[in-house]
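Report on one structure; see the data block that follows.
The values are calculated or read from the model by the stated rules, or taken from the named source; none is laboratory data. Since this is a predicted model, take the numbers as computed values, not measurements. Because the Cβ atoms are built from the backbone with ideal geometry, glycine has one as well, and the counts that use them run over all protein chains shown. Surface accessibility is based on the protein's heavy atoms, side chains included, excluding ligands, DNA and RNA. Shrake-Rupley method; radii C 1.70, N 1.55, O 1.52, S 1.80 Å.
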Amino acid sequence: LPQIVEWNRNGKPGDPDFVYAAGTDFWRSTDNGINWTQVTTGLPAASAVSRIALGVSPDEPTYVYALIGSSSDQSFLGMYRSSDSGASLSLRASTPNLLGYEPDGSDNGGQAFYDLAIAVSSANAEEVITGGVNQWKSTDGGTSWNIISHWFGQGGAPFVHADVHELNYLPGSSTTLFSGNDGGFFKSTDSGVTWSDLSNNLSIAQQTEIGLSQTNANVYITGHQDNGTNLHTGSSWTNIFGGDGGDCFISYNSNDTIYFSYINAEFHR
């Protein structure tokens, strides 16, 4: 088995001899990882693939889902599924753009190189949830999709922070789902219809800069990696800009004038 960067691995529920692994290729072992065979049947060429995330379900142990991002622009290349324990796969859908930014999936591009996650219900193998910038759900085995969260709550979709790296159902539950992302930890108890943010007091944000008021010790501004620019006044925090927060400061002359920055040296006042 050659080196696979950004491994995603899974196993056949109920049968530890079957192990699946993927990076830009898809590999299968039928002897608990001793020997490996690359699977190409039904899959795009590795050169077209940015990354693959795998999902399985005890409801149908022979199913293996493969969420695949495109190497050309990091968008959604396709959702593939195996029904023969990974011996071959076939395309289920290549639209909408599950890895993009828009709530209808009509845009191009995405972040498959960075955020790519999939979960399959343990009680219904036709129910699949994906995570990228946004989160999407299919109830027909990956053929059609509906958005279930948006990175800033656009288009009527509930807010869940962008850049989803991990999706998992609570063991034994087909309705309680957890999302790990760049904003922290979110939970749904109704299969992704509504979400609650459990990140309060985690204190894990990566702070990149801080600016202090010259006249009030309780007023300061901070830039946070992937968690925006945040202003502290009195005893409360307000997020005043999203995305990546960078350099920021409060005017020496007035606490009402604030400067902050975003990616690519984009400055705001």
Net dipole in debye of the chain [+1 Lys, Arg Cβ; -1 Asp, Glu Cβ; about Cα centre; nearest 20]: 120
Listed residues Tyr220, Tyr114, Tyr20, Tyr80 arranged by accessible area, highest first, probe 1.4 Å: Tyr114, Tyr220, Tyr80, Tyr20
Cα centroid separation, the stretch 65-123 to the stretch 145-169 (Å): 15
Label-point gap, in nm, between Asn146 and Ile240 - each point 7 angstrom along Cα→Cβ: 3.9
Estimated inter-spin distance, Phe113 and Asp15, nm [label 7 Å along Cα→Cβ]: 3.7
When the stretch 95-185 is reduced to its Cα atoms, the Kirkwood hydrodynamic radius in Å: 12.9
Net charge over other residues, Cβ less than 11 angstrom from the Cβ of Ile263 (K, R count +1; D, E count -1): -3
Listed residues Leu212, Leu67, Leu198 arranged by accessible area, highest first, probe 1.4 Å: Leu212, Leu198, Leu67
Spacing of the two label points (7 Å from each Cα toward its C-beta) at Thr37 and Ala123, in nm: 3.6
Rounded to the nearest 10 Å², the accessible area of Ser50 at probe 1.4 Å: 30
Quotient of Cα Rg and 2.2 N^0.38 Å for the chain, N being how many residues it contains: 1.14
Length gained when the stretch Phe159-Asp84 is fully extended (0.36 nm per residue, less Cα-Cα span): 23.3 nm
Rounded to the nearest 10 Å², the accessible area of Ile240 at probe 1.4 Å: 60
Residue-span extension gain [Glu266 to Thr194] - 0.36 nm each, minus C-alpha spacing: 22.5 nm
Equivalent-ellipsoid semi-axes of the stretch 158-269, from the Cα gyration tensor, Å, largest first: 34, 14, 10
Extension reserve of the Ser94-Thr257 stretch, reckoned as 0.36 nm per residue once the Cα distance is removed: 54.0 nm
